[in-house]
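Just so it is clear, none of the values below were taken in a lab; they were calculated from the coordinates. Only a predicted model underlies this, so the values are computations on that prediction, with no experimental measurement involved. Cβ coordinates were reconstructed from backbone atoms using ideal geometry, including for glycine residues, and neighbour counts include every protein chain displayed.
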Amino acid sequence: MKKILAVALGALLLSGCTVRVADMTVGSTKNYNLNAAKFEKGARVTGEDKAPIVIFPLEIPNVKTAMDRAIEKDKCAVGLSDVVISQLNHAFLFGTFGFRVEGNLIIDKTMPGCENHI
């Protein structure tokens, strides 16, 4: 009986869920020139912002921070296309929660040093 209770409690503590919050065609937290006309589709990237939970949340995660982390994976990127925003909740008294932003990089070849970006 103790083993069953321990397994059930362990499964409850390790369980969590991810909920799709939004799908967007284009998303960015950066200022850039829409008339540049030298945009290219880049690699698919993911950015996350998580906060620990110890009975109560110790921080507040932010979608903007998650998107910034995804965009900043390439110095020539100014935004994301085909964006999926998900909320992460992997906690019951202890654990983490936060946001995940996933999308294809939008590369701006008019930025300094990005003319020959591959």
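Listed values, structure above:
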read-out: DSSP-loop trypsin sites (Lys or Arg not before Pro) across the stretch 37-118, with at most 14 other Cβ within 10 angstrom; value: K38, K73, K75, K109
read-out: Residue order, fewest to most beta carbons within 10 Å, for M67, M1, M24, M111; value: M1, M24, M111, M67
read-out: Å³ per residue enclosed by the Cα convex hull of the stretch 16-108; value: 82
read-out: GluC sites (Glu not before Pro) within the stretch 71-118: DSSP coil, no more than 14 neighbouring Cβ in 10 Å; value: E72, E115
read-out: Gap separating the Cα centres of the stretch 88-118 and the stretch 54-77, nearest whole Å; value: 8
read-out: Ranked E59, E48, criterion: other C-beta atoms within 10 Å, fewest first; value: E59, E48
read-out: Exceeding the 30 Å Cα-Cα cut-off - candidates K30/K50; K38/K64; K3/K50; value: K3/K50
read-out: With Cα atoms, 0 to 90° folded angle of helix 2-14 axis to the chain main axis; value: 20
